[in-house]
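Accompanying notes for the structure given below.
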Amino acid sequence: MSFLDNLGAFVGSIPGNISQGLIWGIMAIGLYITYKILDIADLTVDGSFCTGGAVCAAMLVGGCPVWLSLLGAFAGGMVAGLVTALLHTKCKIPAILAGILTQMALWTVNMLAMGGFREMKNNVAISADKYDPLVAKIFEDDVAMGFKPFYRHPVFVLVVLSVVLIAILYWFFGTERGCSIRATGANEHMARAQGINTQVNKIIGLVLSNGLVALAGALLAQYNGTVDINLGKGAIVIGLAAVIIGEVTFGKLFKNFALKLTAVSLGAILYYIIIQVVITLIDVDTQYMKLFSALVVAVFLTLPALSAGKKHKGKKVAGHA
């Protein structure tokens, strides 16, 4: 293919990249709660992301309406987060190990969920022709051709959903409980000295985080029209990429908490656009995407340190002068 053909393919893929970026942005917002607010490295997300998709698919196939399926997925993720939280706070298992244990257990749970808890299945199809998902990739073309109204376009639906979720989280983290959760992550010892129950805050944070991660998994399963056991594989890398890219790109402009959450969502969109540039314009084999994803995260993690080093060097030079 020529460069112009690749450019055309890239332009045509932008709506899909934005849709996927918005879905992963919701997942990244969930990760932001543990990684940035609570300062906990939670590896449950690779499992709870798939849990959301598995529960949603099983409920849709079972005849449940889409809104109830999404609530079920959110609840499933919350349960996964609760297990990790209890292992960490009550059993005194380090958070990273607690997340790994829950993630391992979820592999079996997710396969059972996809089989309706009667048998083990590693994939379920949820075609938009048979069910009525909230978002689906095929809806992008349907809206473009006039078969569906504009408000059924995945980008429109996901923007509205993201705004609502960010508004709710902004309100919640402004309450007394939300502020105490933020205080727990900022300085756990000081928070405990102020009479804050840090264990309860960790539990709430992990439960809420994994609920959002599972909700994103449910949305991605609907968007793709299928869910399989590997849906959440590497999810934490994409989530971290979104958090770091959003922070590095918009950190100096977005100081408000709601804007910081918005930056995470924008970071996920930028991540998918970067990936699409590599696939279509640079024509890199998709088998190298895991390696490239890791490099993207590493680069954006390094940028703040390089920037801080330059500032420090500049101050030294000014001091000598």
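A few points about this structure:
- Stretch gain in nm, segment N230-V11, where the contour uses 0.36 nm per residue and the Cα spacing is subtracted: 76.0 nm
- Of the three principal axes defined by the Cα atoms of region 151-268, the extents in descending order read 49, 35, 25 Å.
- With viscosity 0.890 mPa s and temperature 25 °C, the Kirkwood radius over alpha carbon pairs of the chain converts through Stokes-Einstein to a diffusion coefficient of 119 µm²/s.
- Modelled spin labels at T249 and A75, positioned 7 Å past Cα toward Cβ, are 3.6 nm from each other.
- For T226, nonlocal amide neighbours, meaning residues 5 or more places apart or on other chains whose placed amide H falls under 5 Å from its own, are I126.
- Rg(Cα)/(2.2 N^0.38 Å) for region 206-277, N = residue count: 1.19
- Estimated purely from DSSP H runs of n ≥ 4, each contributing -39500 (n - 2.57), the mean residue ellipticity at 222 nm for the chain is -24500 deg cm²/dmol once divided by its residues.
- Theoretical gain in end-to-end length, V277 to H189 [0.36 nm per residue, Cα-Cα removed]: 27.2 nm
- Take the Cα of V164, go 7 Å toward its beta carbon, and the backbone nitrogen atoms of region 14-42 under 19 Å from that spot belong to 19-30.
- Extension gain (nm, one decimal) between Q287 and E176, 0.36 nm per residue minus Cα-Cα: 35.3 nm
- Cα→Cβ-extended label distance, 7 Å offset, between L112 and K148, nm: 3.4
- Among the DSSP helices (H) of the chain, those spanning at least 18 angstrom by Cα along their long axis with an average Kyte-Doolittle hydropathy of -0.5 or more are 3-32, 45-61, 66-89, 95-114, 154-172, 198-224, 235-250, 257-276, 289-320; this is a geometric and hydropathy rule only.
- Student exercise, the chain dipole from Lys, Arg, Asp, Glu Cβ charges, in Debye to nearest 20: 1320
Any read-out appearing in this document is the output of simple, stated calculations on the displayed coordinates, not a laboratory observation. Every value quoted in this text rests on a predicted model; they were computed, and no experiment measured them. As a convention, Cβ positions derive from the backbone with ideal geometry for all residues, glycine included, and neighbour counts pool all protein chains shown.
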